[in-house]
Amino acid sequence: MKTDASPQLEAVIELTGLSRRFGSRLALDNVSLAVPRGVVFGLVGENGAGKTTLIKHLLGLLKAQSGSARVFGLDPVSEPVGVLGRVGYLSEQRDLPPWMRIDELLR
């Protein structure tokens, strides 16, 4: 009997075929990845590469035009409070999700 010596780790971030376009500009093109629990993961790229767009999808601040994103098993668009209650994010711009009040952001 053969066993897998390295069992699959639970993914806390999962992207499957995530794509996003702003007008004619393709910001994310069929991005798929899984980040297991306990892994340090860096998102690196030049300006305009889509890093912030990808993060905003993970936070539920943008809705994917195709594909999906899950954080801790939750859909960030349909369950944003569940996701935002488990992650920290500080934008370099003063943007607030349209559904959130300022006092909720400060908690």
Report, by residue number, each residue of the stretch 10-41 that is under 20 Å from residue 83 (Cβ atoms), without any contact (Cβ under 8 Å) to a residue 24 or more places away in the chain and loosely packed, with under 13 Cβ neighbours inside 10 Å.
40
Please work out which one of (1) over 19 Å from residue 20 (Cα atoms); (2) assigned to a helix (DSSP H, G or I) is the condition residue 87 fails and give its number.
(2)
Residues of the stretch 37-81 being part of a loop (DSSP other than H, G, I, E, B), under 18 Å from residue 26 (Cβ atoms) and of a type in the set (A, V, I, L, M, F, W, C), in sequence order, are 43, 49, 62, 64
Would you please name the residue that is surrounded by the fewest Cβ atoms within 10 Å (Cβ to Cβ), looking only at residues in the stretch 57-96 that are basic (Lys, Arg) and out of contact with any Ser or Thr (no Cβ under 9 Å at 6 or more places or on another chain)?
94
Taking only pairs six or more apart or across chains, which ones have beta-carbon atoms under 6 Å, a first residue in the stretch 80-107 that is at pLDDT 70 or above, and a second residue that is assigned to a loop (DSSP other than H, G, I, E, B)?
80/60; 83/60; 83/76; 86/72; 89/59
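The values are calculated or read from the model by the stated rules, or taken from the named source; none is laboratory data. These numbers come from a predicted model, not from an experiment. Neighbour counts run over all protein chains shown; Cβ positions are idealised from the backbone, glycine included.
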